[in-house]
Each structure stands twice: as C-alpha cells, then as structure tokens.
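Heads up, the thing below is written out as structure tokens.
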Amino acid sequence: MPYQSSLAADSFINTTIVITGGGSGIGRCTAHELASLGATVVLLGRSEDKLISTVEEIKEDGGSASYYCLDIRDEEAVSATLDAMLIEHPRVHGLVNMAGGQFRAPLSAISQKGFERVVQTNLLGGFLMAKNLFNKHFEAHGGNIVNITADNKNGMPGMGHSGAARAGVENLTKTAAWEWGPHGVRVNTVAPGWVASSGLDTYPDDMKQALRNLKHAVPLGRIASEAEISATVCFLLSRGANFITGQTLFVDGGASMGSAPALYPLKHSDKPTSETWNGFHRSAIPRVLQ
C-alpha cells in the first residue's frame, strides 16, 4: 500500500523540498508524504546511514530523493552544501527545518556546554539553513519555510534548554515572515505535542511508564501519529496555505491548553475519543508504546 496522504495526488509535482533531519522520525515520514505527492525531496542530516535508508525507501516506492550529509550547526558546511545542492536542483521551493534534539535534565543539572549544544541544534541550525537558503535562492525566487518546534507554551520542565530554543524558533519565524514576505517567502511553524515516533524509544527506562501515560493529559485521549504532523507540514507547504505566514500551528490534541488538567481532570475510557490518522505505510509503533 502506498502512502495515504490527505492532500490531492500530485500536489507537489515539479517541486523540490529540502528537509533537515529527514532520515528518521517525523522528518522521514514527511519526506515520504511529499515524495508520494510528486515532490523531489532532498534530505539533510548527520547520520548518513539513516539518510541512505530513507532515500532507498522512497525510491522503492517510486519517489525521487537524494541526500547530503552535514552538520547544520556549521555555517561553512551549510553554505557549501546549499551551493552544491542548487547546482543539482536549480529551483528549490521549500525548506522543512525538522532537525532537532535534546536530553532530559532539570535546569539545575544542565551544563553550559549541554545548553549550548541543544540551542545550536534546535535554533541556530534552523536559522543558518533558512538564512543561507534565502540569501542564495529564496530572495530571488520566493519560497516556503516550515520550522518545527514543540508544545512549549507553559515551559518544558525537564527540558528547559529545548523549550528556550524552540521558543526562539517561534519568534524567529515571525521575524522572518515579516522581513522575507515581500520577496514571496512564507515562513510558518508547526508545534507538535506528543507523537508516537521512534524518538520515544531513546528515553531512559524510568520514563517508559510516563510515556505510556501521556495520553491521559490530552483531551483527545491519545498521542499523535507521525503522519498527523506531516499532514500539517505538507498543508503549510501547499498552495492552499498561500496566505498563511508567521503562524504557529499546534498539533497536540489540545494538550497545550495549560493548567486545565489540574482544574478539570480528564476521564478517559480505554477507547480514544478521536481516530488516529496514519497514512504512512512504513510507520512502526515505538516499542515503548507496544
């Protein structure tokens, strides 16, 4: 069975979309969906094995994909990679800044080096990608940027470095949308809540039960599939979103409504109150949720 997108077939025919962090998780899913809709996808990341695997999957499914291996925190590498990419793909239509990473720790235990590395990955890298692609291409041709943050409306206890960086991404998105809008560039942000992605399996054993209980803090009674995040990213990249810029779309089942659980505890049956949409034919349930 091919990818089951909620967008019209061939929505991205004759377009090229760049995806950082495209070798795994939501980035991999988004790459598959865009390719299934006719886009040529260019995947960027540090792990060449993951990039190769995803490119091979997409080609097996009949799509068009290639990759470049780099560290997006290195501006010289970003600049050189984009120069090479623009020779191979003279017209690029979109950028998805999906790459990110963090580790669990209270603020009091985060070292300066650890804080800086997370901020560099989640904020600086996306800025370097967007700035360089704008200067080299989007300023003259227009384009579309979708940044990925997280549900950080009420802070991110246990991951304060990531929350600070991702709040920066949201603000940077608004500035870029204002400054680059006159050049035909739209810039938006998607803020996922909890997602059944492979990243859940990277957390330590003492968090496993908490991960399984995440659904109890979501009004819709479940966590998202990767495809539900990808669908929102693809919508923002699509022509149907041509008058949307500078916005953050929360895809979190209502979990970001803050203190509501403490004032009005949610009572769920074993059956979720909404159906999961998962059009990604290659998705796998994280082990921690099985």
Going through the stretch 150-168 in order, the residues found to be in contact (Cβ under 8 Å) with a residue 24 or more places away in the chain and among the aliphatic types (A, V, I, L, M) are Ala150, Met159, Ala164, Ala165
Per the filter on the stretch 180-222, residues aliphatic (A, V, I, L, M) and over 30 Å from Gly38 (Cβ atoms) are Leu200, Met207, Ala210, Leu211, Leu214, Ala217, Val218, Leu220
Margin query: Taking the criterion of being surrounded by 17 or more Cβ atoms within 10 Å (Cβ to Cβ) and closer than 21 Å to Met257 by Cβ, would at least one residue in the stretch 172-185 satisfy it?
Written below: no
In the stretch 37-53, is there at least one residue being under 23 Å from Phe12 (Cβ atoms), loosely packed, with under 14 Cβ neighbours inside 10 Å, of a type outside the set (Ser, Thr, Tyr) and at pLDDT 95 or above?
no
Per the list (1) assigned to a helix (DSSP H, G or I); (2) at positive phi, residue check on Lys59 breaks on (2)
(Q) It is to be established whether one or more residues within the stretch 132-149 are in contact (Cβ under 8 Å) with a residue 12 or more places away in the chain, under 19 Å from Asp252 (Cβ atoms), surrounded by fewer than 23 Cβ atoms within 10 Å (Cβ to Cβ) and under 14 Å from the mean Cα position of the chain (by Cα). (A) no
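Please find, among Thr20, Thr81, Thr15, Thr40, the residue that is under 26 Å from Leu200 (Cα atoms), of a type in the set (Ser, Thr, Tyr) and touching a residue at least 24 places away in the same chain (Cβ under 8 Å).
The conditions single out Thr20.
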Of the residues in the stretch 209-238 that are free of Cβ contacts under 8 Å to residues at least 24 places away in the same chain and part of a helix (DSSP H, G or I), the one that is farthest from Val146 (Cα to Cα) is Gln209
Scanning the stretch 106-131 for residues that are touching a strand residue (DSSP E or B) at 6+ places or on another chain (Cβ under 7 Å) and of a type in the set (A, V, I, L, M), the one surrounded by the most Cβ atoms within 10 Å (Cβ to Cβ) turns out to be Met129
Any residue that is surrounded by fewer than 22 Cβ atoms within 10 Å (Cβ to Cβ), among the small types (Gly, Ala, Ser) and free of Cβ contacts under 8 Å to residues at least 12 places away in the same chain - is there at least one of those in the stretch 197-208? no
Within the stretch 78-105, restricting to residues that are hydrophobic (A, V, I, L, M, F, W, C), surrounded by fewer than 16 Cβ atoms within 10 Å (Cβ to Cβ) and at pLDDT 95 or above, the one that is nearest to Val233 (Cα to Cα) is Leu86
Selection over the stretch 213-228 where residues are more than 8 Å from Gly253 (Cα to Cα), among the aliphatic types (A, V, I, L, M) and crowded, with 21+ Cβ neighbours inside 10 Å yields a count of 1
Checked the stretch 109-156 for anything among the small types (Gly, Ala, Ser) and part of a helix (DSSP H, G or I); matches are Ala109, Gly114, Gly125, Gly126, Ala130, Ala140
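The values are calculated or read from the model by the stated rules, or taken from the named source; none is laboratory data. This structure is a prediction, so every number in the text was calculated from the model and none was measured. Glycine gets a Cβ as well: all are built from the backbone with ideal geometry, and neighbour counts include every protein chain shown.
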